[in-house]
1. Could you tell me what percent of the accessible area of region 118-182 is made up of carbon and sulfur, with a 1.4 Å probe and every protein chain present?
2. Among Gln318, Gln159, Gln206, whose mean-square fluctuation peaks in a Gaussian network model of the chain (Cα, cutoff 10 Å)?
3. When the Karplus curve 6.51 cos²θ - 1.76 cosθ + 1.60 is applied with θ = phi - 60°, which whole-Hz ³J(HN,Hα) does each residue of region 4-15 get, with x for Gly and Pro?
4. Sorted by accessible area with a 1.4 angstrom probe, largest first, how do His295, His97 fall?
5. Skip the ligands, DNA and RNA, and give the accessible area per residue of region 77-171 with a 1.4 Å probe, whole Å².
6. Testing the spin-label approximation: label points 7 Å from Cα along Cα→Cβ at Ser7 and Arg74. State their distance in nm.
7. Please give the per residue accessible area of region 212-309, computed with a probe of 1.4 Å over protein heavy atoms only, in Å².
8. Carbon and sulfur together cover what percent of the accessible area of region 235-338 at a 1.4 Å probe radius?
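The values are calculated or read from the model by the stated rules, or taken from the named source; none is laboratory data. Only a predicted model underlies this, so the values are computations on that prediction, with no experimental measurement involved. Note: ideal-geometry Cβ built from the backbone for every residue, glycine included; neighbour counts use all protein chains shown. What goes into the accessible areas is simple: the full protein's heavy atoms, side chains included, and nothing from ligands, DNA or RNA. Shrake-Rupley method; radii C 1.70, N 1.55, O 1.52, S 1.80 Å.
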Amino acid sequence: MTLVVQSAVSLRAYNTFGVDVAARYWAEASDDAQVRQALDAARDRQVPLLVLGGGSNLLLTANVEALVLRMASRGIRVVADDGQRVEIEAEAGEPWHGFVLWTLQQGFAGLENLSLIPGTVGASPVQNIGAYGVELKDCFLGLTALDRRSGEIREFDLQDCAFAYRDSRFKRESGRWIILRVRFALERNASLHLDYGPVHQRLAEQGIEAPSASDVSRAICAIRSEKLPDPAVLGNAGSFFKNPLVPAELAQRLQQQHVDLVAYPQADGQVKLAAGWLIEKAGWKGFRDGDAGVHRLQALVLVNYGHATGQQLLGLAQRIQADIAERFGVSLEIEPNVL
Ligand SMILES: Cc1cc2nc3c(=O)[nH]c(=O)nc-3n(C[C@H](O)[C@H](O)[C@H](O)COP(=O)(O)OP(=O)(O)OC[C@H]3O[C@@H](n4cnc5c(N)ncnc54)[C@H](O)[C@@H]3O)c2cc1C
């Protein structure tokens, strides 16, 4: 099918912050051929190509002078199955949570802790999505991507992707690779990760002593729904800042001043601090300036109450960063991609 390219399309419905900016050109690709056509179309129009999934990890601060290509390819298939371990391949445009539910319905465990994360399968490796003690890399097998420089299709294994905390090669080499499909290794009888946050407690409250992967998924969906604002109701991009890694000496000094500091020592000697704790302690939780604000229940989440611009949201983020640096000597890094 020939790619349809539209002009001057509002992106409001295509980013979970609900920021109202326009794309100079817009297209949706359902297969590899259409992705290639989009690259040609962008070249012909002399604009860059911006790949978009669900727009749930983006802050758009101005009209996008590019051809915005939404990945709309669909398809999930079992590529290997030895009765215990299965290998699954999913197309980039598959909605992430729907994909997780599909794996659980088949009886495949591994992705349950990543339930209800918005966005697409194709974007999931970009920041190595993670939640409740599990990261994408824990079930990752490989992916297929198009190199925009050479036009070649390339296969990546776990090592090639250089996954780290909310980071990967694809985030660092932003704009080079278009992820077309991703492969996962799942298990029929995987051990479950229940120790992180209130997962275990939630299951115990429900009287579930020997949970299945689907039970864990349901518990996590319930916890997330209580804790995080639904972007369909209140614009947001989830956690707006990464949890900062600081030297042990700084963490110790802060701990002396604040006995309730939330800190996780890392294997490399650094200490990970909870960005949400720092922001809340500094008094930003529930702060609102016009339509840009900090969520009243979750200090790590910036929200758009209606008509905030990307610049206003970014301005608020920068005020928070400056305040946290001054109060605690900690620099906060923004998690979403700012455009
Ligand atoms: C309410 C809420 C909760 C969230 N919770 C979590 C969480 O628990 N853990 C977590 O890790 N994240 C979380 N996020 C962030 C977000 O959901 C993830 O980062 C998700 O993977 C983004 O997917 P997307 O399809 O929306 O990507 P987009 O926002 O569309 O794109 C993000 C980046 O990836 C690039 N990209 C997208 N698709 C491709 C592709 N096929 N090939 C190459 N590059 C591509 C884009 O160009 C952009 O730079 C949350 C967001 C929200 C709104």
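1. For region 118-182, the apolar C and S fraction of the accessible surface comes to 45 percent.
2. The residue with the greatest mean-square fluctuation here is Gln206.
3. Once rounded to whole Hz, the list reads 9, 10, 9, 10, 6, 9, 5, 9, 3, 7, 10, 9.
4. His97, His295
5. Result: 37 Å² per residue.
6. About 3.1 nm separates the two model spin labels.
7. The answer is 48 Å² per residue.
8. 46 percent
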